[in-house]
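Engineer: A single structure is presented below for examination.
What follows is calculated from the coordinates using simple rules that are stated; it is not laboratory data. All values derive from a computational prediction rather than experimental measurement. Heads up, the Cβs are rebuilt from the backbone with ideal geometry, glycines too, and the neighbour counts pull from every protein chain shown.
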Amino acid sequence: MNLMLPLSVFSKLQMYMTLLWIIFLSGCQNTEEKEIVIISTNDIHGRIEQFSKLATFVKRIKEEHPNVILVDAGDRFTGNPYVDHAKEKGFPIISLMNDLGYEVGTLGNHEFDFGQKILRARINDATFPIICANINSSQGELDSIPPYYIIEKDGIKLGFIGLVQTGTDQIPSTNPERLKDITFDHYLDKVEDYKPLKRQCDVLIGLTHLGVDKDSILATQMPELDIIIGGHTHTLLETSKEINNVIIGQTGLKLQYAGLTILKFTKGKLTERSYQSCLIDTITRVDSCIARKVNYFMEQPEFKEVIGISSLPFKSQESIGNIVTDAMLRSTVSDFAFYNQGGIRLSALPQGDITLETLLSIEPFGNHIVLHDLSLSDIKALILNRFNQDGHVIDLYVSPGSYTIIQDQQGKGTDVILKDRNDRPLVEKASYKVALNNYVSIQYDFPDKGKGLHTDISIVNAMVDFIRANTPLAPTNKRTYLSPVK
């Protein structure tokens with residue numbers, strides 16, 4: 001008796017069994033639980049000293065979890081002279097991020113501080129994409145930026161949408177001179193455009209540089225998001241904030257912490273989400289290879305040049321601001337100089353050597369001096385408009401003399417009493433010669449906004465000349481005051 005099946009029947013049976021096996025395996029795959037971990041950073045501000053610690057943290061997490069994604073929510077630049085004033089500005093931090101294996105990042109407002117040409121070069125250097133959905137840059141030197149990026153890990157698709165903050169002038173908080181031919185949309189205006197992206201992904205993530213309050217609004221308006229990984233406000237969320245069933249995370253600033261988001265899936269569906277900020281600052285066993293590279297970037301001798309000496313510690317940002325405005329005054333022989341609080345990135349200065357590194361840490365933006373001819377009422381408008389727009393906080397440091405802002409019962413500034421170096425109140429005259437930095441000259445509201453004479457005197461060079469001529473330096477008296485609310 002011949003029990004052998006015809007070849008055609010055997011082939012069909014074999015094909016049928018193979019198909020059943022594939023279906024079985026597919027079913028097993030859908031029922032198995034999967035886990036994806038996202039490590040996030042934001043507002044690094046050039047803090048490359050922390051990268052050897054971050055590398056250790058990333059290595060530990062990858063040893064425990066097979067599917068790890070490393071992302072950044074913007075402001076990689078501005079805050080460390082070894083990054084901001086490297087031969088190729090910004091390159092050290094991008095190089096280190098490449099080494100650690102970042103997979104996606106978004107734009108922060110400080111990404112524009114070096115101008116479009118340099119930003120484009122750093123984006124090209126990165127081995128990971130930079131995304132932003134509310135920028136229109138195709139007509140600028142920067143070229144087009146993709147709005148989103150999809151990463152697939154272990155069969156799970158994660159969509160990342162990039163967003164950057166804009167102010168009342170509808171641009172990010174940077175020097176507008178560096179945004180030529182670029183426009184920005186309000187972040188909420190892009191919500192409807194990217195809601196359909198949810199259908200292409202298993203998880204939809206906002207990678208934003210908006211700040212926690214705006215992230216909360218975004219979560220309310222876009223429930224399609226599962227997670228928002230944010231930045232900009234330097235807020236440390238030790239655990240997630242949940243709004244409208246969207247979890248929000250942010251890690252403070254300067255790589256003191258890293259975010260850890262754990263996503264769990266069953267049958268390809270997201271079933272669990274958790275977020276926590278993990279302390280990086282206290283890690284002692286650092287990655288030696290990354291540490292050597294960081295040391296190389298930080299051993300450039302030109303940054304160690306001693307410019308002068310501080311005979312006493314400078315304990316407030318205003319005391320440092322007084323150095324800046326005194327230097328601006330000396331370099332231009334002006335009647336007054338003003339400098340904005342946000343343009344000074346150190347809040348204290350120890351007693352001892354003042355190096356070029358110190359000055360570049362105080363003023364990392366590369367700003368220059370702009371001269372204006374202003375009346376007394378123009379100067380008052382400059383001070384009051386900013387005070388009333390900025391939450392009733394004094395913003396402008398001054399040299400010489402001092403000023404006091406008069407407030408009404410609601411705290412609104414109504415007048416300014418300005419005094420000269422001899423403590424005499426200023427009187428109205430034809431005009432005063434006033435030195436501002438280019439950011440204040442263009443961005444602040446006052447009658448001569450944007451009409452000043454641009455000089456080739458950089459703020460840093462003005463400080464170098466002033467400190468060399470006046471070393472040793474000691475803190476000067478406070479110069480800005482608020483009257484009690486009446």
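Engineer: Give the relative contact order (percent, whole number) for segment 305-482; include only Cα pairs under 8 Å separated by 6+ residues.
Structural biologist: 36 percent
Engineer: For the pair Asp408/Val286, report the inter-label distance in nm, with labels modelled 7 Å from Cα in the Cβ direction.
Structural biologist: With each label point 7 Å from Cα toward Cβ, the separation is 5.4 nm.
Engineer: For a quick check: sort Thr282, Thr183, Thr480 by the number of other beta carbons within 10 angstrom, fewest at the front.
Structural biologist: Result, fewest neighbours first: Thr282, Thr183, Thr480.
Engineer: Which value, in debye to the nearest 20, describes the size of the charge dipole of the chain about its Cα centre when Lys and Arg Cβ atoms bear +1, Asp and Glu Cβ atoms bear -1, and nothing else is charged?
Structural biologist: My answer is approximately 460 debye.
Engineer: What is the fewest-to-most order of Val306, Val427, Val246, Val37 by other Cβ atoms lying within 10 Å of their Cβ?
Structural biologist: Starting with the residue having the fewest Cβ neighbours, the order is Val427, Val306, Val37, Val246.
Engineer: So what is the calculated 222 nm ellipticity per residue for the chain, using -39500 (n - 2.57) for each DSSP H run with n of 4 or more, over all residues, to the nearest 500 deg cm²/dmol?
Structural biologist: Value at 222 nm, helices only, nearest 500: -9000 deg cm²/dmol.
Engineer: Taking a cut-off of 18 Å between Cα atoms, list the aspartates and glutamates near Lys315, but don't count ones fewer than 8 places away on the same chain.
Structural biologist: Within the straight-line limit of under 18 Å, Lys315 reaches these aspartates and glutamates: Asp326, Asp353, Glu363, Asp395.
Engineer: A follow-up question, please. Work out the length of the dipole vector of segment 32-298 about its Cα centre, built from +1 on the beta-carbon of each Lys and Arg and -1 on the beta-carbon of each Asp and Glu, and round it to the nearest 20 debye.
Structural biologist: It comes to approximately 540 debye.
Engineer: Follow-up question, since we're still on this one. At what distance in angstrom do the alpha carbon centres of segment 378-418 and segment 298-335 lie from each other?
Structural biologist: 25 Å
Engineer: May I ask which residue of Ser138, Leu237, Thr183 lies farthest towards the positive end of the charge dipole of segment 116-254, with charges of +1 (Lys, Arg) and -1 (Asp, Glu) on Cβ and the Cα centre as origin?
Structural biologist: Ser138
Engineer: Moving to a separate point now. Please compare each pair in Lys254/Lys293; Lys429/Lys478; Lys62/Lys87 to a cut-off of 29 Å on the Cα-Cα distance and tell me which ones are over it.
Structural biologist: Lys62/Lys87
Engineer: Distance between Cα centroids, segment 173-194 to segment 438-464: provide it in whole Å.
Structural biologist: 24 Å
Engineer: Can you find, among Thr455, Asn367, Leu426, the residue sitting farthest towards the positive end of the charge dipole of segment 358-486, where Lys and Arg contribute +1 and Asp and Glu -1 at Cβ?
Structural biologist: Farthest towards the positive end: Leu426.
Engineer: In whole angstrom, how far apart do the alpha carbon centroids of segment 209-245 and segment 66-139 sit?
Structural biologist: 21 Å
Engineer: Got the relative contact order for the chain handy, in percent, Cα pairs under 8 Å and 6 or more residues apart?
Structural biologist: Once normalised by length, the contact order is 14 percent.
Engineer: Among the aspartates and glutamates, which have Cα under 17 Å from the Cα of Lys157 when same-chain residues fewer than 8 positions away are ignored?
Structural biologist: Glu32, Glu33, Glu35, Glu103, Asp202, Glu224, Asp226, Glu272
Engineer: Between Ile383, Gly105, Ala474, whose Cα lies farthest towards the positive end of the dipole of the chain when Lys and Arg beta carbons carry +1 and Asp and Glu beta carbons carry -1, centred on the Cα centre?
Structural biologist: Gly105
Engineer: Let me ask something additional. Can you give the charge dipole size of segment 372-451 about its Cα centre, rounded to the nearest 20 debye, using +1 on the beta carbon of Lys and Arg and -1 on the beta carbon of Asp and Glu?
Structural biologist: 180 debye
Engineer: Could I ask something else about it? Taking the highest mean first, how do the peptides 269-279, 92-102 order by number of other beta carbon atoms within 10 angstrom per residue?
Structural biologist: Per-residue Cβ counts within 10 Å, averaged per peptide and sorted highest first, yield 92-102, 269-279.
Engineer: Please report Ser138, Ser173, Ser319 as a ranked list, fewest other C-beta atoms within 10 angstrom at the top and most at the bottom.
Structural biologist: Listing Ser138, Ser173, Ser319 from fewest to most nearby Cβ atoms yields Ser138, Ser173, Ser319.
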